[in-house]
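Chemist: Mind looking over this structure? Questions follow.
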Amino acid sequence: MANLGYDMETGKIVSWSKQVGDTVERGDVIAEVETDKTNVEMESLASGTLVEVTRAAGDEVPVGEVIGYLEADG
């Protein structure tokens, strides 16, 4: 879970915009996350194929915890 706000400690995954097997480009929106103040679109920090989602929509996730894995293309 990326830190999406100054004092954010956790975020709730509202929905995933990408599914396992989807190609993801850096900057693509991969999920919508609810913080204590607002809903935010989370962008990917890397490019590749989404190979695993470790946290589902509805999960409350601490900042810094892995929510999914990308595999580099090529």
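The values are calculated or read from the model by the stated rules, or taken from the named source; none is laboratory data. All figures in this text were calculated on a predicted structure; none of them were measured in a lab. Positions of Cβ are generated from backbone atoms using ideal geometry, with glycine treated the same way; all protein chains shown enter the neighbour counts. Side chains are part of the model used for accessible areas, which takes the heavy atoms of the whole protein and leaves out ligands, DNA and RNA. Shrake-Rupley method; radii C 1.70, N 1.55, O 1.52, S 1.80 Å.
Chemist: Please state, as a whole number in µm²/s, the translational diffusion coefficient that the Stokes-Einstein equation yields for the chain at 25 °C and 0.890 mPa s, with Rh defined as the Kirkwood radius across alpha carbon pairs.
Modeler: Diffusion coefficient, whole number: 200 µm²/s.
Chemist: How much net charge surrounds Gln19 when only the other residues with a Cβ under 13 Å from the Cβ of Gln19 are counted, with Lys and Arg +1 and Asp and Glu -1?
Modeler: Computed value for this residue: -2.
Chemist: Could I ask something else about it? From the backbone phi of region 46-58, what are the Karplus-calculated ³J(HN,Hα) couplings (6.51 cos²θ - 1.76 cosθ + 1.60, θ = phi - 60°) in whole Hz, Gly and Pro given as x?
Modeler: The phi angles translate into 8, 10, x, 10, 6, 9, 7, 10, 9, 9, 9, 4, x Hz.
Chemist: Next question, about the same structure. Below 11 angstrom from the Cβ of Ala31, what's the summed charge of the other residues (Lys, Arg +1; Asp, Glu -1)?
Modeler: Values: positive: Lys12, Lys18, Arg55; negative: Asp28, Glu32, Glu34, Glu41, Glu43, Asp59.
Summing Lys and Arg as +1 and Asp and Glu as -1 gives -3.
Chemist: Using a 1.4 Å probe on the protein heavy atoms, what percent of the accessible area of the chain belongs to carbon and sulfur?
Modeler: The value for the chain is 46 percent carbon and sulfur by accessible area.
Chemist: Something else: What relative contact order, as a whole-number percentage, does the chain give when Cα pairs under 8 Å and 6 or more residues apart are counted?
Modeler: On the way: 170 pairs, mean separation 26.6, N = 74.
With pairs under 8 Å counted, the relative contact order is 36 percent.
Chemist: Before I look further, what does the chain give for accessible area per residue, probe 1.4 Å, in whole square angstrom?
Modeler: Details: 4600 Å² over 74 residues.
Accessible area per residue, the chain: 62 Å².
Chemist: Sticking with this structure for a sec: Please compute the modelled spin-label separation between Thr38 and Ser17, points set 7 Å along Cα→Cβ, answer in nm with one decimal.
Modeler: Rounded to a tenth, the inter-label distance reads 1.5 nm.
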